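A.B. asks: My structure is below; once you've seen it, I'll send some questions.
The values are calculated or read from the model by the stated rules, or taken from the named source; none is laboratory data. Treat the numbers as computed from the prediction; the structure is a model and nothing was measured. All Cβ positions, glycine included, derive from the backbone under ideal geometry; neighbour counts span all protein chains shown. All accessible areas refer to the heavy atoms of the entire protein, side chains included, with ligands and DNA or RNA removed. Shrake-Rupley method; radii C 1.70, N 1.55, O 1.52, S 1.80 Å.
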Amino acid sequence: MKPYVSIDIETTGLNPKNCQVLEIGAVIDDGTMPIEQCPTFHCYIDHALILGEPFALSMHQTIIHRIATREEGYTYLSVWDVALRFRDFLKENGIDSENEKIVVAGKNFASFDARFLSNVTGWDKHVNIHHRILDPAALYWQPETDGVELPDLQTCMHRAGITGEVAHTALEDARTVARLIRQAIADRRLLATINAFFAG
């Protein structure tokens, strides 16, 4: 299948006007290798001053401490460098994000993540995202029980048979979205095979 990019972020709150992106994680998936082996991008954004909402800040104490102490083993980028480094990551993996629209997957990406990422210096110039976003919630929506509300990531995981809790870390949540999409494709193919068997 054509590669898509699963992207997730962690932020200091819900309002992109006065809150910041702390962490970005991404996975490129073309369906040819195990999710754990797919190319990944991960970084923390090194803000000189961190602003946000109390709940989000308390939830991300580990991330903030990591940024403050520059804990070894992670990548820290300034807000000026993130878009360029992400563009280069995509290019190294055969995706020209400046000259073609990339397909992005993410839980609530269109309504949440995209608004924050547009505030990252140069993001919209260097990362050209297709307006149609793959949201796994639509694949696991059960209108008879969910009504008009799309399920959250934990519910999607449960319905897909994926054990564990939502990590709330950017890279692992990006991987979870890719796993959900893979599982939905596998289930659809299995159903088609079963229907073909009984139709024959």
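A.B. asks: If I ask for residues that are open to solvent by less than 50 Å² (accessible area, probe 1.4 Å), in a loop (DSSP other than H, G, I, E, B) and at pLDDT 95 or above, which ones from region 31-49 would you list?
C.D. replies: 38, 39 - these are the residues of region 31-49 that are open to solvent by less than 50 Å² (accessible area, probe 1.4 Å), in a loop (DSSP other than H, G, I, E, B) and at pLDDT 95 or above.
A.B. asks: Starting from residues that are without any contact (Cβ under 8 Å) to a residue 24 or more places away in the chain and of a type in the set (D, E, K, R), keep the ones in region 93-140 and report whichever is surrounded by the fewest Cβ atoms within 10 Å (Cβ to Cβ).
C.D. replies: 96
A.B. asks: Among the candidates 25, 94, which residue alone is part of a strand (DSSP E or B) and under 30 Å from residue 186 (Cβ atoms)?
C.D. replies: 25
A.B. asks: Can you tell me which residues in region 65-91 are open to solvent by 50 Å² or more (accessible area, probe 1.4 Å), in a loop (DSSP other than H, G, I, E, B) and not basic (Lys, Arg)?
C.D. replies: Across region 65-91, the qualifying residues are 71, 72, 73, 74, 75, 80, 81.
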